[in-house]
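Here's the structure we're looking at; comments come further down.
The values are calculated or read from the model by the stated rules, or taken from the named source; none is laboratory data. Fair warning: this is a prediction, and the values are worked out from it, not measured in the lab. Cβ sites come from the backbone with ideal geometry, for glycine too, and all protein chains shown count toward neighbours. Note: areas computed on protein heavy atoms with side chains; ligands, DNA, RNA excluded. Shrake-Rupley method; radii C 1.70, N 1.55, O 1.52, S 1.80 Å.
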Amino acid sequence: QVQLVESGGGLVQAGGSLRLSCAASRNIFSINTLGWYRQAPGKQRELVATITSIGSRNYAESVKGRFTISRDNTKNTVYLQMNSLKPEDTAVYYCNAHRWPHDDWGQGTQVTVSS
């Protein structure tokens, strides 16, 4: 079990940038996969990006080239740098930590991109 707290969300105009942070309550070096998910109103939660303990990254097709996920084990934090934001990026963004058999989630942070 690990507690996750997201921050950095807010309101931004299309084309702008935001950097989300997810602070973990324990060392994250042993957590196999950290990820960001998002859920727009009335929509299913979708995977945005993941990063493994060895630094392998995966991105949803819709964010490739715009978003970058990273992790800092010394700060127990995972980040999501979001550039060239679009209105369709508007959602609540959730941090996820997966270490079998556990799956922990943060409370979410709202990202709103205006036209």
Residues of segment 92-104 classified as farther than 16 Å from ARG71 by Cα and either of a type in the set (Lys, Arg) or crowded, with 16+ Cβ neighbours inside 10 Å (or both), total: 3
Of residues in segment 23-58 being of a type in the set (Lys, Arg) and more than 15 Å from the chain's Cα centre (by Cα), the one modelled with the lowest pLDDT: ARG26
THR50 being out of contact with any helix residue (DSSP H, G or I) (no Cβ under 6 Å at 6 or more places or on another chain) and under 25 Å from GLY16 (Cβ atoms): yes
Selection count where residues are touching a residue at least 60 places away in the same chain (Cβ under 8 Å) and open to solvent by less than 40 Å² (accessible area, probe 1.4 Å), scope segment 63-91: 4
One residue from ALA40, ALA49 being over 16 Å from HIS98 (Cβ atoms), in contact with a strand residue (DSSP E or B) (Cβ under 7 Å, 6 or more places away or on another chain) and open to solvent by less than 60 Å² (accessible area, probe 1.4 Å): ALA40
Candidate set: segment 6-22, residues that are within 11 Å of the chain's Cα centre (by Cα) and open to solvent by 50 Å² or more (accessible area, probe 1.4 Å); chosen: the one nearest to SER62 (Cα to Cα): ARG19
